[in-house]
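Some notes on the structure that comes next.
The values are calculated or read from the model by the stated rules, or taken from the named source; none is laboratory data. All figures in this text were calculated on a predicted structure; none of them were measured in a lab. Positions of Cβ are generated from backbone atoms using ideal geometry, with glycine treated the same way; all protein chains shown enter the neighbour counts. Surface areas here come from the heavy atoms of the whole protein model, side chains and all, with no ligands, DNA or RNA. Shrake-Rupley method; radii C 1.70, N 1.55, O 1.52, S 1.80 Å.
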Amino acid sequence: MIKPLIDKIETNLYDIAIEMKYPTLEGDLGVLIFYATMYKYANEEVYKEKANKLLEKLLAVFSDCELPSGFLEGFEGILYTVQYLYKCNIIEDMQIVEDLEKYLIQTIKIDFNANNYDPLHGSIGKLLYFINSESKSKEEVEELINLFIESLYKNREEKDQNIFWYDSYEKGQMINLGLAHGITGVLTFLLRLKELEYKNPKIDILIEGLLKSLMSFKNNIPNTSIYPNFVTEEKSKDISRSVSINTRLGWCSGDLGISYTLHYASKVLKRDSLKPEVINLMKSIISRLMSTSKLDHYEEYSFFDTGFCHGISGIVYILEKMNNDLKSPQIEKRIGFWKEQLTTNLEKQLSYDEEIYLPWYRQDKEKSYTLEKGAMLNGLTGVGLALASIHYKKYDWSDFFLLF
């Protein structure tokens, strides 16, 4: 059931990416990640051959591309991609990006100065290249990490030992709790630094303050989700819940991403006291129905969102990755439900060759938006990677989603 879907996705992705019109992680570089992962998991030369053809096209067009700065949608994604190809034995060395490293460091430092720690668009995603590097000395990387930690610490907000940062993309003093763009993502990255044994003492201070914030920022009123998307700080200096109380079930924001981070924290910190929090969240998560999960419904096409960011494939992947540790029969049963929903809805989605328009509530008067088939977050690339993990029972490709 799964492999035929992977094969159909693979055909779609190659036809899109071989043009290399969008050489970013969100676009065609994401497809390269998919092929490298398939080669690593399946050990079939056809995937390596196609990855190399895509790489050749990338090298042919990259110098003419005008890309912005950014991990997901900018030129920096090429360094992470080439590093991943090397780790998957697609290429023998990383010489093709060595000259770009100095520019990556420059943009990271610009992010520090701008207080831009966003995992997808700011410094955190870009730093993954360095903490994953086998060629850089620990001292070189530590220097960059210490600059990051000092910037985080200097610009933190702290009240009653709660540590947080305001969301730069939102008006007013809004605290984003999401894994994709919020304090949960910052916490997860700090936990990764802790796991890799970076020794800056402020890492521990920030981790403890962020954990305290997450414990404080739950919904006061019982709802279908335990956490909101955002909290606001009133002039009275009290932290109050106010925005998007009932959050969607997905990777990017809400209970699912937070549950993963708290589970990861319990492992990295060896802290059993966090386990009841994780169990409580998981009980709530597996009780969510299709109707209460806030999945986008493509009504004209009769399928629900299958994407990784806030769709069914991301739900399955995170639940599977967590339950590899938790080994809960209740979670396993619910995974079965979501797998069935994934295959059913994906088959419907793949039956359309023409453009698929986003639901009416994601359109505006000036422009019609369509589903980007080759996209990592909401398109077939993220779905294909999740399916590869489900099929081969391996879950080690997802660190750029902060799923370590």
*Note down the Stokes-Einstein diffusion coefficient of the range 137-178 in µm²/s, whole number, using a Kirkwood radius over alpha carbon pairs, 4 °C, and 1.567 mPa s.*
107
*What is the log10 of I(q)/I(0) for the range 66-219, computed with the Debye formula using one identical point scatterer on each Cα and no solvent, at q = 0.13, 0.14, 0.18 Å⁻¹?*
-0.61, -0.70, -1.10
*From the C-alpha gyration tensor of the range 1-113, pull out the three semi-axes of the equivalent ellipsoid (sqrt of 5λ each), sorted largest to smallest, in whole Å.*
26, 15, 13
*Please compute the Cα-Cα pair-distance distribution of the chain with 20 Å bins starting at 0, giving whole percents from short to long.*
27, 60, 12, 0
*Could you pull the Rg and Dmax for the range 75-136, using just the Cα atoms, both in Å?*
11.8, 36
*On full extension of the chain, what length is gained from residue 161 through residue 337, given 0.36 nm per residue of separation minus the C-alpha to C-alpha distance?*
59.3 nm
_Please list 3J(HN,Hα) in residue order for the range 387-395, calculated via the Karplus relation 6.51 cos²θ - 1.76 cosθ + 1.60 where θ = phi - 60°; whole Hz, with x for glycine and proline._
5, 4, 5, 4, 6, 9, 6, 10, 9
_Cβ-Cβ FRET estimate between residue 299 and residue 220, R0 fixed at 35 Å, reported to 0.05_ = 0.55
*Hey, what's the chain come to in accessible area per residue, 1.4 Å probe, Å²?*
44
_Virtual spin-label span in nm between residue 393 and residue 67, 7 Å along Cα→Cβ_ = 3.6
*Set the Förster radius R0 to 30 Å, insert the Cβ-Cβ distance between residue 325 and residue 246 as r into 1/(1 + (r/R0)^6), and round the FRET efficiency to 0.05.*
0.60
_Cross-link reach list, aspartates and glutamates versus residue 53, counting only Cα pairs under 20 Å and skipping chain neighbours closer than eight places_ = 7, 10, 15, 19, 26, 28, 44, 45, 64, 92, 93
*asked:* Can you compute the helix-only [θ] at 222 nm over the chain? Use -39500 (n - 2.57) per DSSP H run of at least 4 residues, normalise by all residues, nearest 500 deg cm²/dmol.
replied: -16500 deg cm²/dmol
*Carbon-plus-sulfur fraction of the accessible area of the chain, 1.4 Å probe, in percent?*
49
